[in-house]
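K.L.:
My questions all concern the structure below.
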Amino acid sequence: MKLLIRGGSIAAGHGVTRSYADILTESLFPKGIEVINRSRYRETSFDGIGTFNEDIAYFQPDILLIQFGVDDAFGYVYRSEFQENLVQMIRLARLRFNPVILLATSHTFDNPNDMDAVNIFYRSLRIVASDLGCELIPVHNYWAGYLEEKICAVRIWSCQIPGIPMREDIR
């Protein structure tokens, strides 16, 4: 069984020493699932369409995980173009090899303006997933929940140790 990941910078693992594709490879290989990552730094959904034959169709994956959005948001791709590019990738994949299709958002951003920009694209992912019957992986929601848990844990930890004041930025 093959899982193919196609996306931009986040899916490519830009800026990290170990990407989520690396982690998936390690955990899924013993289960007989080959992980193929065809994502590249700064690529947008236009690149996903442009290289569909060599990056996706060539491998005929059983599972296709598409994670575009962040580079599209900051690369001046219109939301409507982004949505149409996703629809085209999904339709082509279903026509040629009919994989299970997963659409993933990305992490949250500290800057509210950046978060507003990517939320437009995350909303588009939700719409396309719903309209075309794909699975949506809302990474940004999981990440926000994870951060909230960490903040709560730090609050509890700093309140329980005498003499350690709670930091102002996590109150």
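K.L.:
From the list D71, D116, D110, which one is in the same structural domain as D55 (by TED's automatic domain parsing), touching a residue at least 24 places away in the same chain (Cβ under 8 Å) and of a type in the set (D, E, K, R)?
P.N.:
Just one listed residue meets the conditions, D71.
K.L.:
Step by step: first the residues of the stretch 101-121, then only those that are closer than 17 Å to F68 by Cα and out of contact with any helix residue (DSSP H, G or I) (no Cβ under 6 Å at 6 or more places or on another chain), then the one that is surrounded by the fewest Cβ atoms within 10 Å (Cβ to Cβ). Which residue is that?
P.N.:
D116
K.L.:
Are any residues in the stretch 62-111 farther than 19 Å from I10 by Cβ and touching a strand residue (DSSP E or B) at 6+ places or on another chain (Cβ under 7 Å), and if so, which ones?
P.N.:
D62, I90, A93, P99, V100
K.L.:
Return yes when Y58 is assigned by TED's automatic domain parsing to the domain that holds R123, at pLDDT 95 or above and surrounded by fewer than 18 Cβ atoms within 10 Å (Cβ to Cβ) and no when it is not.
P.N.:
Yes; evaluated as a whole, the condition is true for this residue.
K.L.:
Restrict the check to the stretch 90-104 and report whether at least one residue is in contact (Cβ under 8 Å) with a residue 60 or more places away in the chain and small (G, A, S).
P.N.:
Yes, some residue in the stretch 90-104 is in contact (Cβ under 8 Å) with a residue 60 or more places away in the chain and small (G, A, S).
K.L.:
Still on this structure: Out of curiosity, is A93 under 25 Å from R42 (Cα atoms), modelled with pLDDT under 95 and surrounded by 11 or more Cβ atoms within 10 Å (Cβ to Cβ)?
P.N.:
Considered against the rule, which asks whether it is under 25 Å from R42 (Cα atoms), modelled with pLDDT under 95 and surrounded by 11 or more Cβ atoms within 10 Å (Cβ to Cβ), A93 comes out as no.
K.L.:
Looking for whichever is in contact (Cβ under 8 Å) with a residue 12 or more places away in the chain, buried (at least 16 other Cβ atoms within 10 Å of the Cβ) and assigned to a helix (DSSP H, G or I) here; the options are I36, I10. Which one fits?
P.N.:
I10
The values are calculated or read from the model by the stated rules, or taken from the named source; none is laboratory data. Please read these numbers as outputs of a predicted model, since none were measured by experiment. With ideal geometry, Cβ positions are generated from the backbone for all residues, glycine too; neighbour counts draw on all protein chains shown.
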